[in-house]
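Inspection log for the structure reproduced underneath, given as structure tokens.
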Amino acid sequence: MSRTRFLAALLGALTLFALATPASATAAPQQTLVRTIYYDSSRAAELTATVDQAVQIWNAGVTSVKLVRGTGGITITTAQNGSAPGTASCVGCTRGQIYFYRNQITSSGASALRVVVHEFGHILSLNHPSDIGNCAKVMAGGRCTNAQPSTAELAAVQRFWTGRVAAPAPAPHEHTVSAAA
Ligand SMILES: [Zn+2]
């Protein structure tokens, strides 16, 4: 093969490769429709593993939003004394703060995992239901150990984040009923 013909063959091969690349990349765009919320549990102290467990529960139950460990999103802090087992600074948001209070988690009678799942539920868009104390709902508070969101709770989160491409404005969220915190 002459040098010229070799170069022509090489260019031909490169052109085929270049044409083939975009086609193989068209499978990826679907993933960009999943909203990612980063959470930083570096100040969650002894609740760090519980936070990861709660994240797994939500991530297993919904596909339109995904909680991923990282900075720039939701910061999580465990402190000693507060007015509720936990607080979330916003509802349906990608940036904010969650606080957990040891004294209130102990006295609430709820499992720590349920409390953590509950606060992430606020971040993921859920408010308290009217039937406070219903153990089947993680947003209902109560002296419960169930940490698995109900089918309706999961569906509401799924709906909220489906197709949501821009960060919604944070809404203030205060806990006034400690039983439902
Ligand atoms: Zn709450």
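The values are calculated or read from the model by the stated rules, or taken from the named source; none is laboratory data. All of these numbers come straight from a predicted model, not from anything done at the bench. Counting neighbours? That spans all protein chains shown, and the Cβs are built from the backbone with ideal geometry, glycine included. Ligands, DNA and RNA are excluded from the accessible area calculation, which covers all protein heavy atoms including side chains. Shrake-Rupley method; radii C 1.70, N 1.55, O 1.52, S 1.80 Å.
Among the residues of the range 90-97, are any more than 16 Å from the ligand (Cβ to nearest atom) and not in a helix (DSSP H, G or I)?
Within the range 90-97, one or more residues are more than 16 Å from the ligand (Cβ to nearest atom) and not in a helix (DSSP H, G or I).
Looking only at residues that are within 13 Å of the ligand (Cβ to nearest atom) and outside any loop (DSSP other than H, G, I, E, B) in the range 49-89, which one is farthest from R35 (Cα to Cα)?
G86
Would you mind stating whether R102 is within 13 Å of the ligand (Cβ to nearest atom), charged (D, E, K, R) and free of Cβ contacts under 8 Å to residues at least 40 places away in the same chain?
Working: within 13 Å of the ligand (Cβ to nearest atom): no; charged (D, E, K, R): yes; free of Cβ contacts under 8 Å to residues at least 40 places away in the same chain: yes.
Judged against the criteria, R102 is not a match.
Is the range 101-109 home to any residue that is touching an Asp or Glu at 6+ places or on another chain (Cβ under 8 Å) and either of a type in the set (A, V, I, L, M, F, W, C) or open to solvent by 30 Å² or more (accessible area, probe 1.4 Å) (or both)?
As a first pass, look at the range 101-109 and keep what is touching an Asp or Glu at 6+ places or on another chain (Cβ under 8 Å): none.
Taking every residue of the range 101-109 in turn, none turns out to be touching an Asp or Glu at 6+ places or on another chain (Cβ under 8 Å) and either of a type in the set (A, V, I, L, M, F, W, C) or open to solvent by 30 Å² or more (accessible area, probe 1.4 Å) (or both).
Do we have any residue at all in the range 115-125 that's within 14 Å of the ligand (Cβ to nearest atom), surrounded by fewer than 23 Cβ atoms within 10 Å (Cβ to Cβ) and over 16 Å from R43 (Cα atoms)?
Yes, the range 115-125 contains a residue that is within 14 Å of the ligand (Cβ to nearest atom), surrounded by fewer than 23 Cβ atoms within 10 Å (Cβ to Cβ) and over 16 Å from R43 (Cα atoms).
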